[in-house]
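Here the structure is laid out as structure tokens; the discussion comes afterwards.
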Amino acid sequence: MRINLSELVLQFDLKLEGNPSQSISGVAPLDKANIEQLSFLSNSKYSSQLNSTNAGVVIISEQMRNKFEGNKLIAKDPYVAFAKVASLFQNSNHSFTGIHSTAVIAKTAIIEENVTIGPFSIIGEDSIIKSETVLEARVTIGNNCIIGNKCLFKPNVVIAYDCKIGNRVIIHPGAVIGADGFGLAREDKGWIKVPQLGAVRIGNDCEIGANTTIDRGTMEDTILEDDVRLDNQIQIAHNVRIGKHTVMAGCSAVAGSAKIGKNCLIGGGVGIIGHLEVCDGVTLQSMALVTKSIKKPGSYSSVAPIQETHEWRKSAVRIKQLDKLAKRVAKLEKG
Amino acid sequence: MRINLSELVLQFDLKLEGNPSQSISGVAPLDKANIEQLSFLSNSKYSSQLNSTNAGVVIISEQMRNKFEGNKLIAKDPYVAFAKVASLFQNSNHSFTGIHSTAVIAKTAIIEENVTIGPFSIIGEDSIIKSETVLEARVTIGNNCIIGNKCLFKPNVVIAYDCKIGNRVIIHPGAVIGADGFGLAREDKGWIKVPQLGAVRIGNDCEIGANTTIDRGTMEDTILEDDVRLDNQIQIAHNVRIGKHTVMAGCSAVAGSAKIGKNCLIGGGVGIIGHLEVCDGVTLQSMALVTKSIKKPGSYSSVAPIQETHEWRKSAVRIKQLDKLAKRVAKLEKG
Amino acid sequence: MRINLSELVLQFDLKLEGNPSQSISGVAPLDKANIEQLSFLSNSKYSSQLNSTNAGVVIISEQMRNKFEGNKLIAKDPYVAFAKVASLFQNSNHSFTGIHSTAVIAKTAIIEENVTIGPFSIIGEDSIIKSETVLEARVTIGNNCIIGNKCLFKPNVVIAYDCKIGNRVIIHPGAVIGADGFGLAREDKGWIKVPQLGAVRIGNDCEIGANTTIDRGTMEDTILEDDVRLDNQIQIAHNVRIGKHTVMAGCSAVAGSAKIGKNCLIGGGVGIIGHLEVCDGVTLQSMALVTKSIKKPGSYSSVAPIQETHEWRKSAVRIKQLDKLAKRVAKLEKG
């Protein structure tokens, strides 16, 4: 793949300052790019690299354009523009197309046109796989599922029975959708399992990270609305609902029956307790613990950042004494 | 599946107030149920929904019975009763029974009667799979394992060599039992791997969540006693022992050689440091970090809940100064 | 496997005090070992067990040798010596050798001599598997990968396209190497995916735990240098670089573009924010959150340890008031 800047201008509606016949064959960061590669500046932290970059062209914002002498493509949002241009250089990397001879497909399953089902995949009874969807390899689809069109499921993805997945959903390796929620009732002699009779419903344009787990609901479905994006190793418990466009970074966990609003940005390692509500437009910083519902949009944090361990030990001891300390201060104030 | 209330009374030893010929075909939450569905009230937070529910019958406690006018089934523990009734509406959802032709089974393995081994499963040498156990699909059983009867292992479960699993154990997709513990010894030139010569032993009636990992012991076995229930994405390190009836929520982690007592309730994202002991009857709140042994039953917590980020920044700075602040207060007290 | 102490002395260059013709057939902890088993003392916490152990021989340091009367093997580092001796008792536990008939191998793949490719494995186009490597079962190697020699990949390991793995690398079940990094750009109508055009490069002698995930880079590769050791359920985001000999315990997470130095010891559940640098020789205690670059070697901590919940509630309230409390103290000091 090789493309001239003049062609990029046309395809992506960008403004070029520089040589329209410069050709590009790939992308690279500013400090690594060569004359055949495109780069971009989005985080101003890296702006000093503009002086020394060898990139054939840089995607840059209107505000920063004067900081760079070389070929530049001016974009309202350089990161968005980069995402679109970079997609030209992405191969499908599927080594296989069609229905592999080793796949085990129930007779009652409906496989629409142009679907790929890779080696060792299993499709359950009465399930529907809509057109142009790719199940790369070793994908399990349980009974009675509906998988939308143009989906891409990577190796070892498991979708349990009765789940419904929208269109253009990407699911990375090892993700498990629709395992039983963690429901237990206690009798004298021990725990008994609460049947999990709901399923999981995932909207259009969602992306689910590697080894992420989304449990089926107890009586209703666990729901991801459209354009929800989950990173790797996330745990979504039963009966949770996550609103449109909400994004969650790796290793976060949402406990049972919590409701998360739209357009939330949830950092890595965040914990959200069960049965809470988080309103639209909330940002949660990394490893924050949400123990009460959040009703006001904004940014929230909880975990204190690191200290050197010998200093931190002193702080940790004092935290335990904090209530007493506050009372001592109150006493001093009274004289 | 459709059943009359009079039949539920007989099967589950419940007390009915209302119409014995009302029939039920499923379950739903109070605010969603229709006349054909059964619901329950366990968490009093939802009691206001009793006024408006359309449920055909509600399972309710003796104490709450007066709050509801409709058909009701009175139970000592409505959640336990619900769990039992709901199991009537659960399908097995296995699309396959018997030994699938694609399974790779060692000649020396012993497969007892009425076992299901689904597509692409692998059974190692000298392993025993006891009667009525179901390995749904793509399950790996290493060499020399014993798997009890009436177990249910979901797709992509891996049991490494020499592990022993009790009866009626449920293991969800992607769980890994018996991978090597994380044992390393340092030489000048780098790390050397410490062989992990123990295995994993899991008691009867345990449940292991999706993508949870339980490592094999170094010299002895890692042990889960009977009726231990682990949620998804939990990490149990080598040589750990977990007592009967202990329950652990998602994303918790127990480091090497820690011993956890019986009847503990461990919240999500909890961390327990290696070589510690947690006694019987301990509750750990979400994301708590246990750095010393706990010798007294009770509830323990550590992480502070969220504040708005701009407020939290002030708190975070002050935490680092806490030791100095306490000394300043002591000085003031001395006059 | 049975071996005399005189033979261990020769093979591992140890010093024996005791009976050279004592034979050993396995290993066990001090408090469980019998006369046929070898044990070791490394953690002085367990030294009282020397008095009562029945072990046939104990590996012990020069300093501790006088505390034990029985057969002893004296070693500079008893844990290192134990690791080496114990490896004698480890079986390969592979039930299969060679290329399994069910494996799906691209015609353009190059499989060197003495490679094992277990059942249901998939090898992509143009990939190279070097000599003596074992892919146990159900391993996926994408297109255009290079896998070094003497590697051992366990069931359900996924290596996506274009990744390069060094020699003698061990990867445990369910680990996913090279899934897309979590790159999203926001347009008015929703998120768009940023293509992840880099790959993952893993050095020699690395070990990757069960269900750990290492994402491919956006433009460059995500890199693990030689002898990096990752435990289970770790998340390494795109563009991260981890230096030689660094060890990371379970459930830790490193966000995008962070750089971790050499010889770091990173505890369980640690979080490292994106775009930071952690210098060589840093120890991070369990569940610490790193929000700024660390430029000085040493030990760092952040999370306060547990209190009983009713005490902790008081502390938690006071943390939120800490800035006000500090101001009140300052006012008192002014008189």
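The values are calculated or read from the model by the stated rules, or taken from the named source; none is laboratory data. Small disclaimer: the values here were computed from a predicted structure and weren't measured. Because the Cβ atoms are built from the backbone with ideal geometry, glycine has one as well, and the counts that use them run over all protein chains shown. Accessible surface areas use protein heavy atoms only, side chains included; no ligands, DNA or RNA. Shrake-Rupley method; radii C 1.70, N 1.55, O 1.52, S 1.80 Å.
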Cα-based Rg and Dmax for the range C:138-204, where Dmax is the largest Cα-Cα distance (Å): 14.6, 50
Would you jot down the residues in the range A:247-283 that end up with at least 30 Å² less accessible area in the complete protein assembly than in the chain alone, with a 1.4 Å probe? A:247, A:251, A:275
Sort shortest first the distances from residue C:12 to its counterpart in every other copy, using label points 7 Å along the Cα-to-beta-carbon line, and give them in nm. 5.9, 5.9
Pseudo-label separations to other copies for residue A:327 - Cα-to-Cβ vector, 7 Å, nm: 2.5, 2.5
So for the pair residue B:23, residue C:334, with labels modelled 7 Å out along Cα→Cβ, what separation do we get in nm? 8.0 nm
Residue by residue through B:86-94, how many Cβ atoms from other chains fall within 10 Å of the Cβ on average? 5
Report the relative contact order of chain C, percent, no decimals, based on alpha-carbon pairs under 8 angstrom and at least 6 residues apart. 6 percent
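Pull out a ≥ b ≥ c, the square roots of the eigenvalues of the alpha-carbon gyration tensor of the range B:185-233, then state rounded if a/c is under 1.5, prolate if not and a/b is larger than b/c, and oblate in the remaining case.
Oblate, since a/c reaches 1.5 and b/c is not below a/b.
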Taking the Cα centroid of the range C:72-147 and of the range B:203-248, what is the distance between the two, rounded to the nearest whole Å? 27 Å
With an 8 Å cut-off on Cα pairs and a minimum separation of 6 or more residues, tell me the relative contact order of the range A:1-155 in percent. 14 percent
Cα-based Rg of the range C:232-335 normalised by 2.2 N^0.38 Å, two decimals: 1.37
Once the in-chain neighbours fewer than 8 apart are removed, the lysines whose Cα is under 21 Å from residue C:259 read A:32, A:45, C:164, C:244, C:292, C:295, C:296
Note: B vs A interface, total accessible area buried (1.4 Å probe; ligands, DNA, RNA excluded), nearest 100 Å², is 6100 Å²
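Just from its helices, what would the mean residue ellipticity at 222 nm be for the protein assembly as shown, if runs of 4 or more DSSP H residues each count -39500 (n - 2.57) and the sum is divided by every residue, rounded to the nearest 500 deg cm²/dmol?
Value at 222 nm, helices only, nearest 500: -3500 deg cm²/dmol.
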Packing-based ranking, highest mean first, of C:64-70, A:201-207 given that Cβ atoms within 10 Å are counted: A:201-207, C:64-70
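Just check the range A:102-243 against the gyration tensor rule for me: Cα atoms, a ≥ b ≥ c as the square roots of the eigenvalues, rounded for a/c under 1.5, and otherwise prolate or oblate depending on whether a/b exceeds b/c. All intermediate terms of the calculation are to be shown ahead of the outcome.
Working: a/c = 1.96, a/b = 1.53, b/c = 1.28.
Prolate shape, in that a/c is at least 1.5 and a/b is the bigger ratio.
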Cα pair distances of the protein assembly as shown binned at 20 Å [whole percent]: 13, 43, 34, 10, 0
Which aspartates and glutamates does residue A:189 reach when only Cα atoms under 13 Å apart count, and residues fewer than 8 places away in its own chain are ignored? B:205, B:226, B:227
Across the residues of A:225-236, average count of Cβ atoms on other protein chains within 10 Å? 6
Local electrostatic count, residue B:66, Cβ distance below 12 Å [Lys/Arg +1, Asp/Glu -1]: 0
Drop in accessible area of at least 20 Å² in the complex versus isolated chain, residues of the range B:195-213, 1.4 Å probe: B:195, B:197, B:207, B:210, B:211, B:213
For B:137-144, what's the mean count of beta carbons from other chains sitting within 10 Å of each residue's beta carbon? 6
Cα-based Rg/(2.2 N^0.38 Å) for chain C, rounded to two decimals, is 1.27
Give the cross-link partners of residue B:15 among the lysines, using a straight C-alpha distance below 19 Å as the criterion and excluding same-chain residues fewer than 8 apart. B:67, B:72, B:76, B:84
If we sort B:176-185, C:256-265, B:101-110 on the protection proxy, mean other Cβ atoms within 10 Å, highest first, what's the order? B:176-185, C:256-265, B:101-110
Carbon/sulfur accessible area of chain A, % of total, 1.4 Å probe, equals 48 percent
5 Å binning of all Cα-Cα separations within the range C:38-126, expressed as whole percents from 0 upward: 3, 12, 17, 14, 7, 5, 5, 7, 9, 10, 7, 3, 1
So the label point sits 7 Å from Cα along the Cα-to-Cβ vector; using that for residue C:98, what distances do you get to the other copies, in nanometres, sorted shortest first? 2.9, 2.9
Using alpha-carbon positions, what is the distance between the centroids of the range A:150-190 and the range A:260-335, in Å? 31 Å
Relative contact order (percent) for the range A:103-226, with alpha-carbon contacts under 8 angstrom and 6 or more residues of separation? 17 percent
Probe 1.4 Å, accessible area per residue of chain C, Å²: 39 Å²
What residues from the range B:221-240 fall in the zone where the backbone N is under 18 Å from a label point 7 Å along the Cα-to-C-beta line of residue C:34? B:221
